[in-house]
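Trainee: Sending over a structure as structure tokens; questions will come in a sec.
The numbers here are math on the coordinates, done by the rules we state, and not lab data. Every value quoted in this text rests on a predicted model; they were computed, and no experiment measured them. Here the Cβ is made from the backbone with ideal geometry for all residues, glycine too, and neighbour counts use every protein chain on show.
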Amino acid sequence: MANSSSNELLGIFSLRAAASGIILPLLVLTFLVAFDANLTDSSVASLLGAVFLTLEGFAFLAGLGARSSAAGKLGIFLALVILIGGLAAGSAVFDWPVPLDRWIGSKVAPAPQPLTTTPPPAPPSVPAPKAPEPEPPASEKPVRRGSPGELFPNVPPQK
């Protein structure tokens, strides 16, 4: 009986740790935004990633320890779903995982450069825009008919 209740408590801990694996990084992020922290810094992404991965790792391990209980099985499943979703979102937003050259140093060979080919042919030159035609002298301008308030001054009025 004591073993069953300890498995159930460990399973409940697994569920709570999986849920707080989402909530605590959001609270940390809210705290950093509230105090105008530099959010472009990679240390912020590393901090959020460490909090997230630690809580989800604990949730998964606690679920494995309590896998004989229903809460433990649900804790394993929830931790895996949140972990996979969080890693996918983190890789899109924070460029996780961190590139290997940051951990190994300059020992990583640079990526091969693509072969350069001849540049594409230049587009044909565009002709210079035409200069606007000068206005005809005042004597050659068409005569306007009607009063200045009419909508269509060149149309004869209808009776």
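Trainee: Which is farthest toward the positive dipole end of region 2-98 among S46, L64, A18, measuring Cα position about the Cα centre, with Cβ charges +1 (Lys, Arg) and -1 (Asp, Glu)?
Mentor: L64
Trainee: Hey, another quick one. Relative contact order for region 2-98 using alpha-carbon pairs under 8 Å, separation at least 6, rounded to a whole percent?
Mentor: 40 percent.
Trainee: Hey, with R₀ at 41 Å, roughly what FRET efficiency would T116 and S91 work out to, going by the Cβ-Cβ distance, to 0.05?
Mentor: Numbers: r = 30 Å, r/R0 = 0.74.
For R0 = 41 Å, the calculated efficiency reads 0.85.
Trainee: What's the exposure ranking of L83, L55, going from fewest to most Cβ atoms within 10 Å?
Mentor: Numbers: L83 19, L55 24.
Listing L83, L55 from fewest to most nearby Cβ atoms yields L83, L55.
Trainee: Treating only the Cβ atoms of Lys and Arg (+1) and Asp and Glu (-1) as charged, compute the dipole magnitude of region 2-98 about its Cα centre; round to the nearest 20 debye. Spell out each step's value before the answer.
Mentor: Numbers: 3 positive and 5 negative charges, 82 e Å.
Using only the charged Cβ atoms, the result is roughly 400 debye.
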